[in-house]
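The values are calculated or read from the model by the stated rules, or taken from the named source; none is laboratory data. Being a predicted model, the structure only gives us computed values, none of them experimental. Here Cβ is always computed from backbone atoms with ideal geometry, including for glycine, and neighbour counts include all displayed protein chains.
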Amino acid sequence: MKPAHIRRALAVALLLALSATAAQAADLSISQFRVRGPAGGNDEFVELFNSGSKALDLSGYKFNASNVSGTTGTRLTLPSGTSIAPGCYLLLTNSASSGYSGSVAGDFKYSTGVTDDGGLAILDSSGQWVDQVGLSTGSAYKAGTPLATLGTTNADKGYGRKPTAAGLPQNTGDNQADFNVASPTTPHNSASTCVVLGQALSIADASATVRGAADVQMPFTITLTQPAPTGGVSVHAATLDGTATVANHDYDALDTNLSIAEGQMQASFNVVVHGRTTPSDDKAFEVKLSQPSGNVPLSRDTAIGAILYDIPVAAEIWQIQGRDQISPLLGKPVKTTGNIVTAVGPAGFTMQTPDARADADTLTSNGIYVFTSSTPTVAVGDVVNVDARVSNYYQLPELTSPVVTVTSHGARLPKAVVFGDAIPSSDPAKLSCGATNFQCFVGMRVVIENGMINTGNKRFSGEPYAEVSITANGKRSLRLPGVRYGVPVPDGVQLPNWSGNPEVFKMNTADFGAVPLNTPFIAGTTFRAEGIISYDFGAYTFIPTKITLKHVAEMQRSVSPTAPHALRIGAFNTERFCDSNFNTTFTCSGDSKEPTADEVALKTQRLSAYIGSVLQLPDVLSVEEVKSLPLLQGLATQLSDDYRAKYQAYLVPGHDPSGINVGFLVRSDRVRVVSVQQLAADETWDDNGQTAFVHDHPPLLLTAEARGVRFQVISVHMKARTNVDDNDDSAVRDRQKRFLQASSLARQVQNLQTTNPWQPLMVVGDFNAYQFSDGWVDVVGLASGQYKDSENQLKLGKNIVRPALWNAVESVPQNDRYSFLYTEEFGPIQGYTAAGSGNSGREVPTVQVLDHALMNDIARLRFLKMQYGRADLDAPVQTEADAATATDVRKAIGVSDHDGFVVDLFVPGLFGEQGHDHHDDEDHGHGHHDDDDQGEGHGHGH
C-alpha cells in the first residue's frame, strides 16, 4: 500500500503438489561434498555434475546452505557465462581461513562455510532449488531422509552419490538412499576428465494449467544420452495415480509403447488433462518407464505430472486474508463481490466487507488492498466486484492484476475499529490479533480518537519528511519499569519484564492524501484520525484518510524563564563537544577524525543557543561529554556574546580514553563559586586482572553560594548501558563497573550529607540509567539510597545514603519523563516479523530518562519545579539537518542526542543581584589523565 514513487516487487508463488523427487528433474546434481576436512570446519568443497546430454547454462545459479535450525543463506552466486558440459564437473571451494586444502583447484570460491549438521542446495536463477542434501532433520535443505552428520573430527571424509547402472550419479530424491560416505574424498573440477556418458534413457517432469472446462494436453519428453542406434530404441510408458486420479476424471490414463528413431535422441507424448469449472487444489500423477529395448539403462524412470488449477475462487475478503500474514489463497485467482471502497491511493485502493456480511472471527480481517499500479477509477463509497490474483507484498496480502466493476455508488462505509486504550494491546501476552497486534485489522477502517506522535519524521531519499511513530492511547512510548523485553529475568530478581510497548506502530500520513507529501510532524503532537491499517517494509502502518491535529507540539520547546526568587540548576549532555586536536588515545568525536575548527565553532554556537534559549540560562549547568576547559571557556564566551550572560567554566580532566569529561558553567553574575573538586578520581578496581580506574568521568563537586545560601552540586556521567542486557562476559564486567561507580558516588554523597546536613545538595547529570531498576544494577537507586536488592542481580545489602535523596523526575508529568530516545530491536515479537532493513525483528522507538536530578531533603524543601527543554529528541530528522545552517535560535535543534533539564530552587531575592567577587577558593583543578576502556562514555541508553 505504497505511494506511486515506490517501485513494487511482486512475488506470486504457485503451490505444487509434487513429491520430493519433483525438483530432481534437472540433469545437474551435487555429486560429492565435504563440510569438514583435515584442516578443520572450513576445509570444504561442493562438486557439481552434469548427467545430461547437453551443456547446462548455470548463470545466476546459487549455492545455498542451511544450519540445523533451518536458517538459510546464499554462499555463492555463479557469474554469467558459467556452464557445465555433458558428463563434466564444477568445483566450489571454501576460501575462508583454514579453508579447502585439496590438491584439485576449485573453479569458484565462497567464504562462509556449511555447518556440520546443516544442509546444502543448488538453486536455479529464479530461486527454485535444483538439488539439495541435508545432514539433519532440522536443515531447511534435504531430500527424503537426510544423511547423518559426520561429526566434528577433522578428517578427509565426505559424501558421494552412488552410481546408477548407467554409471551416472543416482538421484532418487532420498539422500540416505543416494549417497555413500567418501573417505578419502576425490573432488573433480572443470578441468577434470569428463565422464563418457553411456547410453541411458530418462523422462522429465511436466505440468499443465487448467483454467476452465476445456481439456488441456500435458507434454512429456523422454531423452537418450546418445543418439539411438540402428533400429532405434523403444520403451513402455504408463501413468500412475497420485493426488490426481483417473477415477476422479482428473486425467486420461496412458499405457503405451514409445519409440525413439535411429539417430534421434528424444520422443514426446501427451497426457490429456480434463478441464473443470470449480476451484481445486493442485494435483499430481506419475508416468513410469519400463521395458527399454536393447537393455538400455533407465537413468530416471519416473516423472511427475503436475496439474495446476487456475480457476477463480469465489471468496469473501476474510477468506482471502485468513488469520496469518500469508494468505491461504496465495497465488490463486479470486472473485470477491459487493465490497465497499474505503480509501483510494495513487496506485490502488482498499475495500472492506459490508458489516452485514462480516465474519464473526475477530482474528481475520474484513479489509484488503487492491493494487492497480495506476490511479484507480473508483471512489470512496463505491460498491465493487473484483476479479484478481492473491499476492503478497512484504507480508501484506493484497489483490493484483484486478478487473474492477463498480455496481453502485455512495454506500455507507463499514463501521471503523476504534483504536485507543484497549486496542492495540499493550500486553504482549494478550495481543489484539492473537499472534500479532495488528494483522486482523490490515486493510480495515480504523479510527484513532486520542493519537500521540512519538517521533519526528524519519527521512528517506525521496521524502525529507516521511513516517512517524505513534500510539493510539495518547501516551508517549516510554521505557517503563522491568527487565528489558525478551531478556530472562535474572535469578534472584523480583521484577517482571517490561512489555516492550507492543502498542507502538507507524503512520504514513501522506499515502492516501490526508496531508500533503513531506508534511513535518513534531513528537508530542496529538491528533484524531480515520484511516486504514497497512504493512510497510516490516512494520504495521496506519495510513490516514483524514487527520485533525488536536495539540501541535512546537520545536523548539523552551523551559519557562527563571522566576525572580529562583536559583536554576540544570544538566545537559552536549554529545561529544570536542576540539580539533587528536591528542587522546581514541578520537573524542568517536569518528575516524576530530572536527574541524569551523565545525567546533558551529557546535559552540548551537550549544549556546540551546543553553540560552531552550534552558533559559541556568545559574549552574552541569555539562557532560566536554573535552577540555578551553573548549568550555569558549562556550562561556559565546553565551556572553549571544545573551550577555556572564558564565565561568570549570572542568577537571578524567580518565576517558577519548577525552570526554564533566564540567560546570556557572553564572558569575548570580552565583559565587567557593570550590570545584573531583570526587573519588583515584579509586581503582580489578578489571579482569588489571588495575583500572572506577570512574572514567569522576564526579565533579561544585560548592557555591547564591544570596547567602550555600549549596553543593555533583555533576555525574556514569558508564553507558551499552551491553548490560546481554549474556556474556563483557556484560558481567560492565554491570560490575556500573555497580562500583554508583557505590562510590553513594559514599561521596553520604559523606557530604553527614558533613553538611543543613546544606542543599543535588546530584545531576547523565546517569545512563533509568529512574527504576533494569534488573541488573539500579544505578540511580544506589546513588540516592533507594536500592532494593530484591530488584537487582547485584546485591548491595544496606543502603549507603541515609536519608535517601529524592529524584525530581518524579515531579515531571508522565508523558514528559524522557531525556533520550533509543530504538529497541526486539526480534519477531508483538506482530512485527520482518524489518525493512533486512533484519528479522521489530524496532521500537522508546523514550527514556537517563538524565536525573537527585536532591537531599534540604534541597527538596526549596524545590519549585523540574523541566526538560525540548530541541533534540522530538524533531524530524530533516529539521535537525536544516538547523545546522539556521541563523536564529533554531540552530539549537538537534545539537545533541539528549535533552537537558533545569531544576528551580527557592532562593529569595536572587533575581537582579549583581555579580560577586570571585577571588576566594576558586579551583579549576587539573587531574591526571589515564587510559581506560574505549567507548566507556560513548553510548547512552544501551
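Of the residues Thr703, Thr691, which single one is under 15 Å from Gln748 (Cα atoms), in a strand (DSSP E or B) and out of contact with any Cys (no Cβ under 7 Å at 6 or more places or on another chain)?
Matching residue, one of Thr703, Thr691: Thr703.
State the number of residues belonging to the range 377-419 that are over 29 Å from Asn450 (Cβ atoms) and aliphatic (A, V, I, L, M).
Going through the range 377-419 one residue at a time, the tally reaches 11.
With the requirement that a residue be within 21 Å of His898 (Cβ to Cβ) and assigned to a loop (DSSP other than H, G, I, E, B), what does the range 730-776 give you?
Selection gives Phe767, Asn768, Ala769, Tyr770, Gln771, Phe772, Asp774.
Can you tell me which residue is farthest from Pro657 (Cα to Cα) among those in the range 600-644 that are outside any helix (DSSP H, G or I) and small (Gly, Ala, Ser)?
Ser622
Of Asn727, Asn723, which residue is modelled with pLDDT under 95, surrounded by fewer than 22 Cβ atoms within 10 Å (Cβ to Cβ) and in contact with a helix residue (DSSP H, G or I) (Cβ under 9 Å, 6 or more places away or on another chain)?
Exactly one of Asn727, Asn723 is modelled with pLDDT under 95, surrounded by fewer than 22 Cβ atoms within 10 Å (Cβ to Cβ) and in contact with a helix residue (DSSP H, G or I) (Cβ under 9 Å, 6 or more places away or on another chain), namely Asn723.
Which of the residues spanning the range 168-196 are assigned to a strand (DSSP E or B), buried (at least 18 other Cβ atoms within 10 Å of the Cβ) and under 42 Å from the mean Cα position of the chain (by Cα)?
Selection gives Phe179 alone.
Give the residues of the range 343-374 that are of a type in the set (Val, Ile, Thr) and in contact (Cβ under 8 Å) with a residue 40 or more places away in the chain, sorted by residue number.
Val344, Thr350, Thr353, Thr362, Thr364, Ile368 - these are the residues of the range 343-374 that are of a type in the set (Val, Ile, Thr) and in contact (Cβ under 8 Å) with a residue 40 or more places away in the chain.
Say we look at the range 282-308 and pick out the residues that are surrounded by fewer than 22 Cβ atoms within 10 Å (Cβ to Cβ) and either touching a His at 6+ places or on another chain (Cβ under 9 Å) or among the aromatic types (Phe, Trp, Tyr) (or both); which of these is farthest from His249 (Cα to Cα)?
Once the filter is applied, the top-ranked residue is Pro292.
In a loop (DSSP other than H, G, I, E, B), closer than 16 Å to Val403 by Cα and of a type outside the set (Phe, Trp, Tyr): is that true of Ile311 in this structure?
yes
Do you know which of the residues in the range 241-262 that are in a strand (DSSP E or B) and not aromatic (Phe, Trp, Tyr) is nearest to Asp27 (Cα to Cα)?
Ile260
Which one is surrounded by the most Cβ atoms within 10 Å (Cβ to Cβ), of the residues in the range 70-112 that are closer than 15 Å to Asn50 by Cα and either of a type in the set (Val, Ile, Thr) or without any contact (Cβ under 8 Å) to a residue 40 or more places away in the chain (or both)?
Out of the qualifying residues, it is Ile84.
Taking the range 570-581, which residues are surrounded by 14 or more Cβ atoms within 10 Å (Cβ to Cβ) and either assigned to a loop (DSSP other than H, G, I, E, B) or not assigned by TED's automatic domain parsing to the domain that holds Asp696 (or both)?
Matches in the range 570-581: Cys578, Asp579, Ser580.
Among the listed residues Ile522, Ile543, Ile532, which satisfies the condition of being out of contact with any His (no Cβ under 9 Å at 6 or more places or on another chain), crowded, with 20+ Cβ neighbours inside 10 Å, modelled with pLDDT of 95 or more and closer than 17 Å to Arg459 by Cβ?
Ile522
Quick check on the range 154-167: of everything there that is in a loop (DSSP other than H, G, I, E, B) and in contact (Cβ under 8 Å) with a residue 24 or more places away in the chain, which residue is nearest to Ser136 (Cα to Cα)?
Top of the filtered list is Lys157.
Pull out all pairs, ordered by first then second residue, where Cβ-Cβ is under 9 Å, the residues are six or more apart or on different chains, the first lies in the range 426-441 and is farther than 19 Å from Ile326 by Cα, and the second is aliphatic (A, V, I, L, M) and in a loop (DSSP other than H, G, I, E, B).
Pro428/Ile829
Among Ala213, Ala238, Ala208, which is small (Gly, Ala, Ser), in a strand (DSSP E or B), under 30 Å from Thr278 (Cβ atoms) and in contact with a Lys or Arg (Cβ under 9 Å, 6 or more places away or on another chain)?
Just a single option satisfies the conditions, and that option is Ala238.
Identify, by number, the condition in (1) within 15 Å of Asp215 (Cα to Cα); (2) modelled with pLDDT of 95 or more that Thr277 doesn't meet.
All conditions are met except number (2).
Name, by its number, the condition in (1) under 30 Å from Val515 (Cβ atoms); (2) assigned to a strand (DSSP E or B) that does not hold for Ser373.
If we test Ser373 against (1) under 30 Å from Val515 (Cβ atoms); (2) assigned to a strand (DSSP E or B), just (2) comes out false.
Could you grab me the full set of residues in the range 779-796 that are in contact with a Ser or Thr (Cβ under 9 Å, 6 or more places away or on another chain) and part of a loop (DSSP other than H, G, I, E, B)?
Those that are in contact with a Ser or Thr (Cβ under 9 Å, 6 or more places away or on another chain) and part of a loop (DSSP other than H, G, I, E, B): Tyr787, Lys788, Asn792, Leu796.
For residues in the range 859-885 being of a type in the set (A, V, I, L, M, F, W, C), in a loop (DSSP other than H, G, I, E, B) and at pLDDT 95 or above, which is surrounded by the most Cβ atoms within 10 Å (Cβ to Cβ)?
Step by step, filter the range 859-885, then rank; the result is Ala871.
If you take the residues of the range 467-495 that are under 30 Å from Val877 (Cβ atoms) and among the β-branched types (Val, Ile, Thr), which of them is surrounded by the most Cβ atoms within 10 Å (Cβ to Cβ)?
Ile470
Could you pull out the residue among Gln677, Gln616 that is touching a residue at least 60 places away in the same chain (Cβ under 8 Å), more than 18 Å from Met762 (Cα to Cα) and among the polar types (S, T, N, Q)?
Among Gln677, Gln616, only Gln616 is touching a residue at least 60 places away in the same chain (Cβ under 8 Å), more than 18 Å from Met762 (Cα to Cα) and among the polar types (S, T, N, Q).
So in the range 442-467, with the set limited to residues that are in contact with a Lys or Arg (Cβ under 8 Å, 6 or more places away or on another chain) and of a type outside the set (A, V, I, L, M), which one is nearest to Arg323 (Cα to Cα)?
Selected residue: Arg445.
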